[in-house]
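One structure is given below, encoded as structure tokens.
The values are calculated or read from the model by the stated rules, or taken from the named source; none is laboratory data. All values derive from a computational prediction rather than experimental measurement. Backbone-built Cβ (ideal geometry, glycine too); neighbour counts: all protein chains shown. Surface areas here come from the heavy atoms of the whole protein model, side chains and all, with no ligands, DNA or RNA. Shrake-Rupley method; radii C 1.70, N 1.55, O 1.52, S 1.80 Å.
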Amino acid sequence: MPVTGPDFISLQVRDLAASQVFYERHLGLVRSPAGPPHAVVFDTTPTFALRDLLPDTDLTGADHPGVGTAIWLHATEVQAIHDSLVADGHTIVTEPFDGPFGRTFTFADPDGYRITLHDRA
């Protein structure tokens, strides 16, 4: 049987509570009641989650965590999210532009993960 697509995406983070606040405040994600105590699972499809660092995981060794991995999330208010991140002083990696996936930009989350948002479903 073939793989049907992504089912669960999880990022290891240094400060679970701070990352939860960031994703809730700036991206509007809502925490799901599901999930273990060492993780925050959001009510998304596919499931997107944050979790405490696994033993022996060091996020300081690379330019940014997840080098070589692209994480794209769909959003309906891409420009407003961008403006909110800028107003709070967060790093914008790629400024908003209009392309094949609609309004698109990339930011760095509190741990430095590069997250791209786009508005075309």
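Below are the figures for this structure:
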item: Extension gain, D56 back to A70 (0.36 nm per residue minus Cα-Cα distance, nm); result: 2.7 nm
item: At q = 0.22, 0.25, 0.27 Å⁻¹, base-10 log of I(q)/I(0) for segment 1-58 (Debye sum, equal scatterers on each alpha carbon); result: -0.86, -1.02, -1.13
item: For segment 82-121, convex hull of alpha carbons as volume per residue, Å³; result: 64
item: Per residue accessible area in Å² of the chain, where ligands, DNA and RNA are left out and the probe is 1.4 Å; result: 59
item: Globularity index of the chain, i.e. its alpha-carbon radius of gyration over 2.2 N^0.38 Å; result: 1.07
item: Using alpha carbons only: equivalent-ellipsoid semi-axes of segment 43-87, gyration tensor based, whole Å; result: 25, 16, 11
item: Separation between Cα centres of segment 75-100 and segment 20-37, rounded to whole Å; result: 19
item: Integer Hz, Karplus 6.51/-1.76/1.60 couplings in order for segment 106-120, x for Gly and Pro; result: 10, 10, 9, 7, x, 8, x, 4, 8, 10, 9, 10, 9, 10, 9
item: Solvent-accessible area, 1.4 Å probe, carbon plus sulfur percent, for the chain; result: 54
item: Computed label-point distance, nm, for sites S32 and M1 using a 7 Å Cα→Cβ extension; result: 1.9
item: Theoretical ellipticity at 222 nm over the chain - DSSP helices of four or more residues, -39500 (n - 2.57) apiece, nearest 500; result: -5500 deg cm²/dmol
